[in-house]
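Worksheet for the structure shown next.
Rule-based calculations on the coordinates, nothing more; no lab input. Predicted, not measured: the structure shown is a model, and the values here were computed from it. Neighbour counts are summed over all protein chains in view; Cβ atoms, including those assigned to glycine, are modelled from backbone coordinates with ideal geometry.
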Amino acid sequence: MKLWQSRVDKIAVDVTYMQMFDAPVYDAPCAPDSVQVLRADQPPAAFYRFLYGTVGKQWRWYERLKLTDNELNCILHTPHVEVHVLYVGGVPAGYVEMVREASNETEIAYFGLMPDFIGQGLGRFFLEWSLTYAWSRRPVRVWLHTCSLDHPRALPNYQRAGLVSYRRERVFIIDPRSQYPDLGSGIG
């Protein structure tokens, strides 16, 4: 009997870690008409999977796809994790997940818009809203990471919002499309 080893493609991903130590000063983020941000208090796994999958599919987000509902709920239903959903006309348009760490730091773990809402100027509003909210909790630092699989404007938008790069690294991951073939390849 022969044992076949399937070829697994690896892809290079450039990861940029970003941070800020002081609250940014923006003109007050003013929500465009029919836009609101609501906290999803202990969202059910199915709703979170809808957000994560819709926002992250084209960017090959896969980490949360590996989790069972119970594992996902254990993360989402803890007091230090918050999910806030951007709505436009009552329709989910994006979300941000923040993690308040024991070190009094806040990580923006996930941030993004639904594909139908990209390019409408909502990203800047929602990012400024997210950072303003994160700083309202008085952390000593707010941080996130982005990568070369994210939207091409993600890094410049984070920089424009006041986040500064503090580390870059290239990692090699198994292409998540080998396990999740419906994932996209991003824009461009």
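For this structure, a couple of remarks:
- Derived from the Cα gyration tensor, the three semi-axes of the equivalent ellipsoid of the chain are 28, 19, 18 Å, largest first.
- For the chain, the longest principal axis of the C-alpha atoms and the axis of helix 45-56 are separated by about 90°.
- With the convex hull constructed from alpha-carbon coordinates only, region 86-188 shows a mean projected area of 8.2 nm² over all directions.
- Trypsin sites (Lys or Arg not before Pro), loop per DSSP, at most 15 other Cβ atoms within 10 Å - longest free stretch of the chain: 8-136
- Net charge dipole size for region 28-178 [Lys, Arg +1 and Asp, Glu -1 on Cβ; Debye, nearest 20]: 380 debye
- Contact order relative to length of the chain, as percent, for alpha carbon pairs under 8 angstrom and 6 or more apart: 38 percent
- Of all segments of the chain bounded by chymotrypsin sites (Phe, Trp or Tyr not before Pro) found in a DSSP loop with no more than 16 other C-beta atoms within 10 Å, the longest spans 27-188.
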